[in-house]
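**Student:** The structure's right below; bear with me while I get my questions together.
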Amino acid sequence: MRSIDEVLLLGPGPSPTSAAVQRAQSRPLLGHLDPQFTPILDRIQVGLRRLFGTNNPLTLPLAGTGTAGMEALVANLVEPGDRVVVGVHGVFGQRFAEAVRRAGGDAVVVAAEFGASLDPDAFAAAIAGGPTRACVVVHAETSTGVLSDLRPFAAAARSADALLLVDCVTSIGGVALDFDALGVDAAFCGTQKCLSAPPGLAPVTFGERALARVAARRAPVPFYFDTRLLTGYFGPDRAYHYTAPISMLYALEAALDELEAEGMVAREARHRAVAASLRQGLEVLGLKPLVPVSHATPMLTTVRYPDGIDDKAFRGHLRQAHRIEVGGGLGPLAGKVFRVGLMGHGAQPANVLRALAAFGDALAAQGRPADVAGALAAARAV
Ligand SMILES: *Cc1c(COP(=O)(O)O)cnc(C)c1O
C-alpha cells in the first residue's frame with residue numbers, strides 16, 4: 001500500500017471526514033442482509049428523512065456518487081417526449097439538462113449567468129409555456145456558489161402541477177431543508193459535501209406524487225434505478241436488489257450520528273459563521289467573492305482572482321507548500337476564480353485561519369504581498 005500525506009480538503013468536495021467516520025468505515029464487513037446490518041440501514045433512512053425534511057418512505061442511500069442520484073430521478077421520472085424545465089446557472093444545472101435530453105426528454109432551459117441567481121418569474125413563464133412534466137432547481141450551485149431560495153420555484157411548480165426535482169448535493173447537512181413543507185417531489189444529494197462522509201453514496205427521496213408518475217409510466221425504467229425494485233431492499237422486505245456498499249454505509253451512519261448530536265440548527269449556524277469569517281479575511285487580503293453574501297452558499301465561497309494572478313500557480317502553491325486543496329473555476333469561470341469549501345467537518349474556524357494564511361502566501365509567491373496578520377485578525381473578530 002502506498003503511503004499518503006493528509007491534505008486539508010477545502011474544495012467543492014470531498015470534504016474532510018472525522019476520525020469517528022474513518023473508524024466506522026474500517027469496521028469488519030457484514031452481509032447486506034445480515035440481522036446486524038439492516039438496523040444500520042433503518043437508522044440511516046430515518047436520519048436521511050430528517051435531513052431532507054420529509055416523511056417519504058422511499059428515502060434511501062443509493063449506491064453511486066451524487067450524479068447517480070440525478071440519474072435515478074431522471075430514469076424514473078422522465079419519459080421520452082416529456083417537457084422538463086431546468087434552471088441552469090452553473091455546471092450542475094447543465095448536467096441535469098443533459099441527462100434529461102439523454103433520456104429523450106425535452107429540456108427547456110431557463111438560464112442565468114454563472115454567478116447570478118435564477119429568475120423565478122422566467123422559470124414560472126417557462127413552465128407555463130407548455131404542458132410540463134417536471135422542473136428542476138439546483139439548490140446550492142457548487143460551480144458558482146449561489147444558493148437559491150426554493151420557495152418561488154416550488155410555488156411555480158405546484159400551480160402548474162409539475163413535479164419539482166431538487167439537486168441538494170451541496171446544501172444538505174449545511175443548511176436546514178424542509179422539503180415536505182415546500183412541496184419537493186424528489187431530490188438527490190451526495191455524501192462527500194456537507195455530510196462529511198466518503199463519496200460513493202447518493203441519498204435520494206421520492207414522494208407520493210413522483211411515485212404515482214412512475215406507476216403510470218409506459219417506458220421501462222433502467223433496472224438498477226427502478227424505484228419499484230429499490231423498494232424491495234429499502235422497504236420493509238429488505239429483499240436483495242443489489243449488494244449494498246457496506247463500508248460506506250457504516251461511514252454514513254457515523255456521519256449522521258455526528259450531525260444528530262450537533263443538531264441541524266447549530267450546524268447551519270456553524271457553516272454561516274465560518275463563511276462570514278472567511279469573507280472578512282478575504283477582504284483584507286484584497287480578494288473579492290464572486291457572489292454577494294445575500295445569495296451565496298454558506299458552505300462554498302467562490303473568490304475572484306485579482307488581475308495578474310495565475311490560477312494554476314496559485315492552487316499549485318496551496319497544494320505543494322500548504323497541503324490545502326481548493327477548487328478551480330468551471331465553465332466560463334475557469335481561470336478567473338477559485339472555490340473554497342468549508343463543508344461539514346471542514347467548516348471550522350481553525351481551517352479558515354489556515355486557509356487565509358496560505359492564500360496570503362500564495363499571493364506573495366506571485367509578487368503580490370498581502371496583509372495576512374490583518375486578515376487573520378478580521379477573521380477572528382467574527
Ligand atoms: C458535487 C455535485 C454533484 C455531483 O456529485 P458527484 O458526487 O460528483 O457525482 C451534483 N450537483 C451538485 C450541486 C454538486 O455539488
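**Student:** If the Cβ limit is 6 Å and pairs must be 6+ apart or interchain, which residue in the stretch 281-303 that is under 22 Å from Ala377 (Cα atoms) pairs with which residue that is open to solvent by 60 Å² or more (accessible area, probe 1.4 Å)?
**Tutor:** From the stretch 281-303, the pairs are Val284/Asp371; Lys288/Arg304; Pro298/Arg272.
**Student:** Determine which single condition Leu330 fails, assuming it passes every other condition in (1) more than 22 Å from Glu6 (Cβ to Cβ); (2) over 17 Å from the mean Cα position of the chain (by Cα).
**Tutor:** (2)
**Student:** Would you call Leu29 in a loop (DSSP other than H, G, I, E, B), more than 21 Å from the chain's Cα centre (by Cα) and either within 16 Å of the ligand (Cβ to nearest atom) or not charged (D, E, K, R) (or both)?
**Tutor:** yes
**Student:** How about the stretch 127-147: which of its residues are open to solvent by less than 10 Å² (accessible area, probe 1.4 Å), of a type outside the set (S, T, N, Q) and touching a Ser or Thr at 6+ places or on another chain (Cβ under 9 Å)?
**Tutor:** Ile127, Val137, Val138, Ala140, Glu141, Gly145, Val146
**Student:** Residue by residue through the stretch 193-215, note down the ones that are out of contact with any Ser or Thr (no Cβ under 6 Å at 6 or more places or on another chain), buried (at least 24 other Cβ atoms within 10 Å of the Cβ) and not aliphatic (A, V, I, L, M).
**Tutor:** Cys194, Pro203
**Student:** OK, next. Picking from Pro61, Pro39, Pro16, which residue would you name as being closer than 25 Å to Val265 by Cβ and either open to solvent by 10 Å² or more (accessible area, probe 1.4 Å) or free of Cβ contacts under 8 Å to residues at least 40 places away in the same chain (or both)?
**Tutor:** Just one listed residue meets the conditions, Pro16.
**Student:** Given the conditions (1) in contact with a Cys (Cβ under 8 Å, 6 or more places away or on another chain); (2) assigned to a helix (DSSP H, G or I), which single one is not true for Ala273?
**Tutor:** The one condition Ala273 does not meet is (1).
**Student:** Val46: among the aliphatic types (A, V, I, L, M), open to solvent by 40 Å² or more (accessible area, probe 1.4 Å) and within 24 Å of Val265 (Cβ to Cβ), yes or no?
**Tutor:** Yes; evaluated as a whole, the condition is true for this residue.
**Student:** When only residues in the stretch 136-152 that are within 15 Å of the ligand (Cβ to nearest atom) and not in a loop (DSSP other than H, G, I, E, B) count, which is farthest from Cys194 (Cα to Cα)?
**Tutor:** Val136
**Student:** Evaluate the following for Arg272: is it of a type in the set (D, E, K, R), outside the structural domain of Asn55 (by TED's automatic domain parsing) and out of contact with any strand residue (DSSP E or B) (no Cβ under 7 Å at 6 or more places or on another chain)?
**Tutor:** The answer is yes for Arg272.
**Student:** Return the pair list, or none, for Cβ contacts closer than 6 Å from residues in the stretch 331-356 that are crowded, with 21+ Cβ neighbours inside 10 Å to residues that are among the polar types (S, T, N, Q) and assigned to a strand (DSSP E or B), at least 6 apart or on different chains.
**Tutor:** Close Cβ pairs (under 6 Å, with a partner that is among the polar types (S, T, N, Q) and assigned to a strand (DSSP E or B)) amount to Val337/Thr302; Arg339/Thr302; Val340/Thr301.
**Student:** Here is a follow-up. Among the residues of the stretch 71-87, which ones are open to solvent by 10 Å² or more (accessible area, probe 1.4 Å) and within 12 Å of the ligand (Cβ to nearest atom)?
**Tutor:** Glu71
The values are calculated or read from the model by the stated rules, or taken from the named source; none is laboratory data. Being a predicted model, the structure only gives us computed values, none of them experimental. No Cβ is skipped: glycine too gets one built from the backbone with ideal geometry, and neighbour counts run over all protein chains shown. Side chains included, ligands, DNA and RNA excluded: accessible areas come from the protein's heavy atoms. Shrake-Rupley method; radii C 1.70, N 1.55, O 1.52, S 1.80 Å.
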